[in-house]
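Colleague: Below are the structure tokens for one structure; questions will follow.
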Amino acid sequence: MNKNIKLAVAGAVLALSASAANAGIIIPAGEWTVDLSGNVNSYAIWQKSSGTAVDGGLAGSRGAPIANGTTQAAQSTGLLPNFLSLSGSTRQNDLDVTWLISLNPGGYTSRSANGGSGTEHRQAFMTFGDKSWGSVKIGKDLGIFASDAILNDMTLLGVGATGTNAAIGGTTTLGRIGSGFQYADWKQQIAYTTPNFNGFQATVGITQAWGAWASSGLSQSTAKTAGASPAFEGKASYSFAANDVTGKIWVSGFSQKVDGVRQDENQAWAADIGANIKVAGLDLVGYYYGGEGVGTTFMLRDGYTTTGYKRDSDGGYVQAKYTLPFKTTVGASWGISNLDKVSSETASTLVKENEMWTLGLYHPLTKHVNLVAEYSHVTSTSQTNVEGTTNVGSLGGILFF
């Protein structure tokens with residue numbers, strides 16, 4: 001994966017400031033510098049599922065019984081939807097001021113005269129600050145906790161898992177979300193980021209709190225409300241370079257109160273740690289997270305029982321990529337996400353773990369176009385040790401501008 005593709009990914013996915021999306025089309029406009037950037041991607045996807053469906057599991061087929069060994073084929077966007085981001089930057093009153101708004105259409109449709117898949121609106125924020133003291137972000141953008149986990153996931157350029165609730169036919173696939181890390185998601189926030197102190201940087205923020213919820217079909221489907229308090233998130237990272245070795249180490253955290261649960265159980269929290277090391281053509285990632293009440297896959301899904309007790313969860317992933325002399329990157333990764341039942345619960349069809357192996361080939365056809373081929377094997381296991389599996393293959397490409 002070449003440097004231009006990496007910069008485009010960082011700009012299109014994280015867009016931590018409007019000026020971060022600097023791989024696009026630059027247009028001077030009076031006091032503003034306008035940047036038009038984004039991506040277009042599409043994949044042919046094949047998947048075959050077998051075993052037994054697991055509530056909250058990622059193995060399975062959308063709209064079809066898993067036990068029948070269902071095979072599906074479709075063409076759709078991958079983990080990233082298509083992005084069209086418009087941003088602007090200027091310098092006013094000794095402040096760097098930026099804004100960014102993005103539109104994010106999917107690419108799937110399965111019947112005639114349907115018009116196409118849904119469109120999301122993931123980003124709409126502004127920032128202001130100065131390199132001497134940092135910057136403030138106000139608006140909707142990628143969450144702070146676990147954001148580095150998804151940015152370092154190699155399936156960001158591809159498909160990964162499809163999932164029973166976000167399968168072929170959804171706006172996007174899941175990548176490694178739910179089988180190694182939890183989704184940072186896109187949320188309203190007010191966040192402060194420090195200047196870069198010789199490689200060290202930190203972000204703290206208040207974000208929109210969410211209610212706890214449960215997988216479809218569970219007796220635990222009674223929703224718990226977000227409550228009167230916001231969520232609190234933060235992260236810190238250190239980037240380094242020494243001779244031919246570069247890397248980054250990061251930690252992040254999440255905390256919020258949840259209403260409708262036991263008073264002594266109403267604080268949901270999570271924390272993580274990760275590292276990325278690069279030497280020559282080798283690129284290694286290791287990541288781990290753990291928490292209480294935050295559930296699995298999506299924040300606060302299946303985090304609580306109907307009686308108001310919070311469940312423990314943890315997981316992580318390891319990943320290795322190697323760029324060959326002809327620029328093709330070969331990648332392999334493994335990850336797992338675990339959800340524990342509380343001692344007072346009986347075993348149920350609720351998911352206990354989602355595990356996924358992925359192999360991928362990523363070739364930069366040009367500095368903006370990447371061709372992608374992936375294979376993933378997903379296993380979902382229930383609290384009663386019942387299993388479902390899905391094999392997913394995909395072939396396609398992604399263009400950044």
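Here, each number is a calculation from the coordinates, and none is a lab measurement. Keep in mind that this is a model prediction, so the values were computed, not measured. Neighbour counts run over all protein chains shown; Cβ positions are idealised from the backbone, glycine included.
Colleague: As I understand it, the dipole of the chain uses +1 on the Cβ of Lys and Arg and -1 on the Cβ of Asp and Glu, about the Cα centre. Which of SER42, GLY274, ALA59 lies farthest toward its positive end?
Modeller: After comparing all options, I get SER42.
Colleague: Quick one: dipole size for region 321-401, taken about the Cα centre, charges +1 on Lys/Arg Cβ and -1 on Asp/Glu Cβ, in debye to the nearest 20.
Modeller: 460 debye
Colleague: About the Cα centre of the chain, what is the dipole size in debye to 20, counting +1 per Lys and Arg Cβ and -1 per Asp and Glu Cβ, all else neutral?
Modeller: I would put it at about 660 debye.
Colleague: Treating only the Cβ of Lys, Arg, Asp and Glu as charged (+1, +1, -1, -1), what charge dipole size does region 251-401 show about its Cα centre? Round to the nearest 20 debye.
Modeller: Result for region 251-401 is approximately 580 debye, rounded to the nearest 20.
Colleague: Which Cα, out of LEU174, TYR108, ASN196, lies furthest along the positive dipole direction of region 89-201 (beta carbon charges, K/R +1, D/E -1)?
Modeller: TYR108
Colleague: Cα to Cα, under 20 Å, and not fewer than 8 places away if on the same chain: which lysines meet these conditions relative to LYS235?
Modeller: Straight-line reach from LYS235, under 20 Å: LYS131, LYS137, LYS140, LYS187, LYS248, LYS257.
Colleague: If we count other beta carbons within 10 Å of each Cβ, what is the order of THR173, THR70, THR306, fewest first?
Modeller: THR306, THR70, THR173
Colleague: Now a separate question. By the gyration tensor of its Cα atoms, with a ≥ b ≥ c the square roots of the eigenvalues, what is the shape of region 96-165: rounded for a/c under 1.5, prolate for a/b over b/c, or oblate?
Modeller: oblate
Colleague: With a 10 Å cut-off between alpha carbons and a GNM built on the chain, which of THR358, THR162, THR346 moves the most?
Modeller: Answer for the Gaussian network model of the chain: THR346.
Colleague: Okay, moving on. Tell me, ARG91, ARG301 in order of fewest to most beta-carbon neighbours within 10 Å?
Modeller: ARG91, ARG301
Colleague: Could I ask something else about it? If a/c stays under 1.5 just call it rounded; otherwise compare a/b with b/c (prolate if a/b is bigger, oblate if not). Do that for the chain, with a ≥ b ≥ c from the square roots of the Cα gyration tensor eigenvalues.
Modeller: It is oblate, given that a/c is not under 1.5 and a/b is not larger than b/c.
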